[in-house]
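J.: Sending over a structure as structure tokens; questions will come in a sec.
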Amino acid sequence: MNPLGSTRLADTANGAWHVTFTHTLHAEWTKLRTAGDTGRLLLLTITLTVAVGCGTAKAVKCPDTGCGQDPVKLALTGITVGQAVIAVLAVLAISNEYGTGMIRTTLTAVPNRLTVLAAKATVLTTVVLASGTAAVLASLLAGRCVLPGNGFTAAHGYAPLTLADGPTLRAAAGSVLYLALIALLALGTATAVRDAASAIATVLGLLYLFPILTQVVNNPHWQHRLQQISPMTAGLAVQATVHLRERPIGPWAGLGVLATWAATALMTGSLLLHARDT
Amino acid sequence: MTTAPTSRPPATRPAERDGFPRTLHAEWTKFRTVRGWVLATAGALLVTIVVGLLGTAAPAPGGRGAHSAAYPKGPGGEAVNDSFYFVHRTLTGDGTLTVALQSLTGTADTDTGTDTDTGTGTGTGRTARSAQPWAKAGIIVKEGLTQGSPYAAVMATGGHGVRMQYNYTHDTAGPLSKAAPEYPRQLRLVRSGDSLTGYTSTDGSHWTKAGHAKLPGLARTVQAGLFATSPEAKQNTATGTGFSPAVATGTFGRPALTGNWSQSAWRGTQVSGDAGTSGSYTNTTKGDFTPTSGGGYTVTGAGDIAPVVGGPVMGAGFTVENFLVGTFAGLIVLAAVSTVFITGEYRHGLLRTTMTATPLRGRVLGAKALVAGGIASVTGLIAAAITLALGEHSTRGRGFRILPVTSATEARVMAGTGLLCAAAAVLALAVGTLLRRSGTAITLVIASIVLPFLLATSGVLPPGVSQWLLRVTPAAGFAVQQTLPQYAQVLSVYEPSTGYYPLAPWAGLAVLGGYAAIAFGLAVVRLRRRDV
């Protein structure tokens, strides 16, 4: 933890960088862990995701065979709400430092800015993956209990939700990854714009505006294209388990679109963080 | 802030007289001098316009000029479908037309591509042999053969008994409105000046009034005769609602005429040339009429004589609210600015100075709300006015139809968009005051306004749940932008996914306003009670 840039380079050359990164990781973990909001926000993510998923599963009925509903997607509807909380968490992870001036201390302790961002991203991703897994599993469990009561029965061609089923497992794992990518997208955006308010508005605008715009567009071709580039619509394609051919984009390709958005945001964020004064 | 509570009233009372304008001025100065906020407000204006124009920028499916540039307009200025098969002669002056309707049947292609057929009772074949609920056959007196001209008609319908309808939007149930059809059924339409009266009878001697219409300025010479028409068949399947081609056939007895009728033979015309946006002929049937052995006629037609409504039966066209889709984008920016308007003061400690200058905290928050709400409402209003003007011009140029609205409705939508933005801004300010953190406050406001809308309109949830979401959440406010009309006599999908809000425009806005008011009240209470 040498504050001087010249010695830092020397350290990197002889392998001390790993120690620094571990330390940075530890520091970021401590910051995230002790910030008052983190625990509450993660708990809120899980609660909202499960509650909305459960409510949706309770509301949608499947009266007969061929009702065309996707039980896995229904059970995981809560992700659309939970992602907003994850976005806040990720934005605050960096914007709070700018807001309080802490970022100056952080960058004095670890002058390599990309190391700081990488450590933040790692810690955040880990935390989001963990809570996302909890949220997704709980949602699926709730769906498994609720859906058969609404006509999603074997008689109508629906097996109970289980992770042993390939598409269901893909949808579950994909949803967890989706949340992690949303966190990275938000982190990158917040690093780029620094201010929490602007970052949140940008991320939520990016997520929610595309689907709303898609509803208005009158031209099927444009609609299709919009759904393919929209971070939320394309990313959530990973949850689909029925009628895969009719979807505008494949499950993993859709998640890839979101990953591209997240990578672009992180890249912009790190470039700006690297180039400008704090 | 060390003044003892007992000494505060005398200290502040002299300042109260001109206090509020001064506080307001101070808050306005704060807003105006922060460059980021001014830029963000300009950005909100711009993004509302740009997103609105981009959302409606797609070329028409059939290319330029593929559709007629406008919906036909009825006498009231509303968009109408005026498509039916008309067997007519010219009537000059007063007169009466009496005819027996022996049957009303229909044909519908129920093959919509899905293998389930839950919509009709037949279920076995590809076609159903019963008339659609709003299939119509009867007598009509109409000013001319052009679409949208004034008319009055008495008719039997497939599922709603005898009706008297006139000028597209008016619909009166006849004396036997029960769906049980008793045929033959006598229909009579009497024209006397600009007043038309419809009668119905089951035996031809006892006549009951079905309805009365006054068509001011109806020309002396009109077209009158028999008609048949049928809107598309609506089928509710488990996967959603489908519409498929349907035609209606009315079998009439010999028409009895009194008055000055032209001596020419009955002529058949498909009014409007096609079946309009809500009807379509099947592959095998076209509009036609044939004489029967008893001197009567069999008339077959498709289309509807009714106002255009939203949903699948609207055809390729835009509504005023479509252009305002950018309101969501503008709202997000305005909510962010309004939140930071207060949380920024917390962050920089400016609030302590503000509260020292104006110790009445409710007054400070009131002034802030007035400034943030005022700026948001002006931004929303201007953005809506510009977007509507530009959007309507450019979409019309690309061959899209635009559902016409009255100037009063357009003014309501513009003013409503302004107030919508104002309510969201006040809500954001209040939530920002309560939470003191910009990030969480903005997320709460944006998510509570935009997310319910998204969930309700995406079609994932059943219509009932969607409607409740748009009744009880702040997203209800968007109802103020709805211009789509709803008529009981036109079947469509009247659900949030097709642009229909469960609440009336101002009631919906009042829900959002209520949220803003409650949040503002809580914020004032909290601000008074806690230390700065």
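J.: Can you name every residue in the stretch B:304-333 that is within 30 Å of B:Ala233 (Cβ to Cβ) and aliphatic (A, V, I, L, M)?
T.: Listed by number, the residues that qualify are B:Ile305, B:Ala306, B:Val308, B:Val309, B:Val313, B:Met314, B:Ala316, B:Val320.
J.: Counting just the residues of the stretch A:212-254 that are aliphatic (A, V, I, L, M) and outside any helix (DSSP H, G or I), which one comes out farthest from B:Ala57 (Cα to Cα)?
T.: A:Val242
J.: If you don't mind, there's one more thing I want to ask. If the Cβ limit is 6 Å and pairs must be 6+ apart or interchain, which residue in the stretch A:258-278 that is assigned to a helix (DSSP H, G or I) pairs with which residue that is among the charged types (D, E, K, R)?
T.: A:Leu273/A:Arg113; A:His274/A:Arg113
J.: Wholly within the stretch B:348-444, which helices (runs of 4 or more DSSP H) include no fewer than the required count, namely at least 1 residues that are in contact with a Phe, Trp or Tyr (Cβ under 8 Å, 6 or more places away or on another chain) and modelled with pLDDT under 95?
T.: B:361-397, B:407-435
J.: List pairs: first in the stretch A:32-43 and under 13 Å from A:Ser131 (Cβ atoms) and within 11 Å of another protein chain (Cβ to nearest Cβ), second assigned to a helix (DSSP H, G or I) and hydrophobic (A, V, I, L, M, F, W, C), Cβ under 6 Å, 6+ apart or cross-chain?
T.: The qualifying pairs are A:Leu41/A:Val85; A:Leu41/A:Leu89.
J.: When the stretch B:426-447 is examined, which residues are found to be more than 13 Å from chain A (Cβ to nearest Cβ) and either under 23 Å from the mean Cα position of the chain (by Cα) or crowded, with 24+ Cβ neighbours inside 10 Å (or both)?
T.: Once the filter is applied, which keeps residues that are more than 13 Å from chain A (Cβ to nearest Cβ) and either under 23 Å from the mean Cα position of the chain (by Cα) or crowded, with 24+ Cβ neighbours inside 10 Å (or both), the stretch B:426-447 yields B:Val426, B:Leu427, B:Ala430, B:Thr433.
J.: Now, a different point. Restricting attention to the stretch B:448-465, which residues are facing chain A (nearest Cβ under 9 Å) and either closer than 20 Å to A:Leu209 by Cβ or of a type in the set (Ser, Thr, Tyr) (or both)?
T.: B:Val450, B:Leu451, B:Phe453, B:Leu454, B:Leu455, B:Thr457, B:Ser458, B:Val460
J.: Could I ask something else about it? Kindly establish whether A:Ala186 is more than 11 Å from every other protein chain (Cβ to nearest Cβ) and of a type in the set (A, V, I, L, M, F, W, C).
T.: For A:Ala186, the condition - more than 11 Å from every other protein chain (Cβ to nearest Cβ) and of a type in the set (A, V, I, L, M, F, W, C) - is not met.
J.: If you don't mind, another one. Of all the residues that make up the stretch A:53-72, how many are facing chain B (nearest Cβ under 8 Å) and among the basic types (Lys, Arg)?
T.: Residues flagged as facing chain B (nearest Cβ under 8 Å) and among the basic types (Lys, Arg) within the stretch A:53-72 amount to 1.
J.: Just a yes or no: is a residue in the stretch B:450-471 surrounded by 24 or more Cβ atoms within 10 Å (Cβ to Cβ), without any contact (Cβ under 8 Å) to a residue 24 or more places away in the chain and within 25 Å of A:Ala199 (Cα to Cα)?
T.: Yes, some residue in the stretch B:450-471 is surrounded by 24 or more Cβ atoms within 10 Å (Cβ to Cβ), without any contact (Cβ under 8 Å) to a residue 24 or more places away in the chain and within 25 Å of A:Ala199 (Cα to Cα).
The values are calculated or read from the model by the stated rules, or taken from the named source; none is laboratory data. Since the model is a prediction, treat every value here as computed from it, not as a measurement. All Cβ positions, glycine included, derive from the backbone under ideal geometry; neighbour counts span all protein chains shown.
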